[in-house]
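See below for the structure under consideration.
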Amino acid sequence: MDQKMAYVHPDAKIGKNVTIEPFAMIYGDVEVGDGSWIGPHAVLMDGSRIGQNCKIFPGAVISGIPQDLKYQGEYSTTEIGNNTVIRESVTVNRGTSAKGKTVVGNNSLLMCYVHVAHDSIIKNNVIMGAYSGVAGEVEVDDFAIISPGSLVHQFVRVGTHIIIQGLSKVTKDVPPFITAGRDPLSFAGLNSVGLRRRGFSNEQINIIQDTYRLIYQSNLNTTDAVKEVENSVQQSAERDAVINFIKNSKRGIIRGYGAGADISM
């Protein structure tokens, strides 16, 4: 790190083999892991914790103070995992007293103009498309894809291995392994392509299909459908992941869009 045209506070902790481009700004309470690249005009504000081999592109602002009226200046952080790419003009706000931190996990990609609000937890291998955003205290599980222009309401949980279609309004929890689309956002079948790419077997996918047939096509209410899944669908890690997600949902899950929906998508 020898870029004289950047501003790096003397208290900042900069790892080995870090490149800091001209006009980047790094505040004092900042840690940057080995091998990371900080682009021109990127700003790492107090509370930034950047992992190893990350790339922070021009105009990104990491760990800005929360856009939340309950924030009273309490200490909080923003944690970015290893091998994560933050593209141009992304904003990731730090936490409030609710959680004390905002997290973006390992191996994730946040495309240009993404916004991640206070206290949100974006887990590993997540892709957020350009101009998408999550409000405060959202949780996004591993391998989720939130397509460009989609907006996620405060406190929503987004399940693992899902894909949300572009320009979606996400106001309910999105259970794992599915594709979600239309307006209002609805179940649109399994994310079969993504599951196969990640090594799910036909047997695993078939169990997930059987589970969602009961959840969305049995004409049972959600509570009764879950009980029927437990009674009639072969036990597996994937079946249990769906059941536990639904049981723990605080906002309720997205709806299906009719008995004719093709869940083999």
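This table checks each residue for (1) within 24 Å of GLU230 (Cα to Cα); (2) in contact with a Lys or Arg (Cβ under 6 Å, 6 or more places away or on another chain); (3) without any contact (Cβ under 8 Å) to a residue 60 or more places away in the chain; (4) not hydrophobic (A, V, I, L, M, F, W, C).
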| position | (1), (2), (3), (4) |
| --- | --- |
| LYS169 | no, no, yes, yes |
| PRO175 | yes, no, no, yes |
| GLY181 | no, no, yes, yes |
| LEU190 | yes, no, no, no |
| VAL193 | no, no, yes, no |
| GLU203 | yes, no, yes, yes |
| ILE207 | yes, yes, yes, no |
| ARG213 | yes, no, yes, yes |
| TYR216 | yes, no, yes, yes |
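Table: residues versus (1) polar (S, T, N, Q); (2) in contact with a Leu (Cβ under 7 Å, 6 or more places away or on another chain); (3) under 23 Å from THR91 (Cβ atoms).
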{"position": "VAL103", "(1), (2), (3)": "no, no, yes"}
{"position": "SER108", "(1), (2), (3)": "yes, no, yes"}
{"position": "MET111", "(1), (2), (3)": "no, no, yes"}
{"position": "SER147", "(1), (2), (3)": "yes, no, yes"}
{"position": "LEU167", "(1), (2), (3)": "no, no, yes"}
{"position": "ALA180", "(1), (2), (3)": "no, no, no"}
{"position": "PHE187", "(1), (2), (3)": "no, no, no"}
{"position": "LEU190", "(1), (2), (3)": "no, no, no"}
Residues of the range 51-71 satisfying the condition of being under 18 Å from TYR131 (Cα atoms) and surrounded by fewer than 17 Cβ atoms within 10 Å (Cβ to Cβ): PRO58, GLN67
Residue check, LYS16 in a loop (DSSP other than H, G, I, E, B) and closer than 30 Å to PHE155 by Cα: no
Positions within the range 89-110 being surrounded by fewer than 19 Cβ atoms within 10 Å (Cβ to Cβ) and at negative phi, in sequence order: SER97, ALA98, LYS99, ASN106, LEU109
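How about the range 43-138: which strands (runs of 3 or more DSSP E) wholly inside it have at least 1 residues that are within 13 Å of the chain's Cα centre (by Cα) and more than 20 Å from HIS153 (Cα to Cα)? Steps first, answer last, please.
On the way: elements: 48-50, 61-64, 77-80, 91-93, 101-104.
Once the strands (runs of 3 or more DSSP E) in the range 43-138 are filtered for at least 1 residues that are within 13 Å of the chain's Cα centre (by Cα) and more than 20 Å from HIS153 (Cα to Cα), what remains is 77-80.
Give the residue, chosen from ALA98, ALA144, that is aliphatic (A, V, I, L, M), more than 30 Å from ALA188 (Cα to Cα), modelled with pLDDT of 95 or more and touching a His at 6+ places or on another chain (Cβ under 9 Å). Let's see the steps before the verdict.
Working: ALA144 fails: more than 30 Å from ALA188 (Cα to Cα).
Sole residue among the options that is aliphatic (A, V, I, L, M), more than 30 Å from ALA188 (Cα to Cα), modelled with pLDDT of 95 or more and touching a His at 6+ places or on another chain (Cβ under 9 Å): ALA98.
The values are calculated or read from the model by the stated rules, or taken from the named source; none is laboratory data. Values in this document were obtained by computation on a predicted structure and should not be read as measured data. Please note: Cβ atoms are built from the backbone with ideal geometry, for glycine as well, and neighbour counts cover all protein chains shown.
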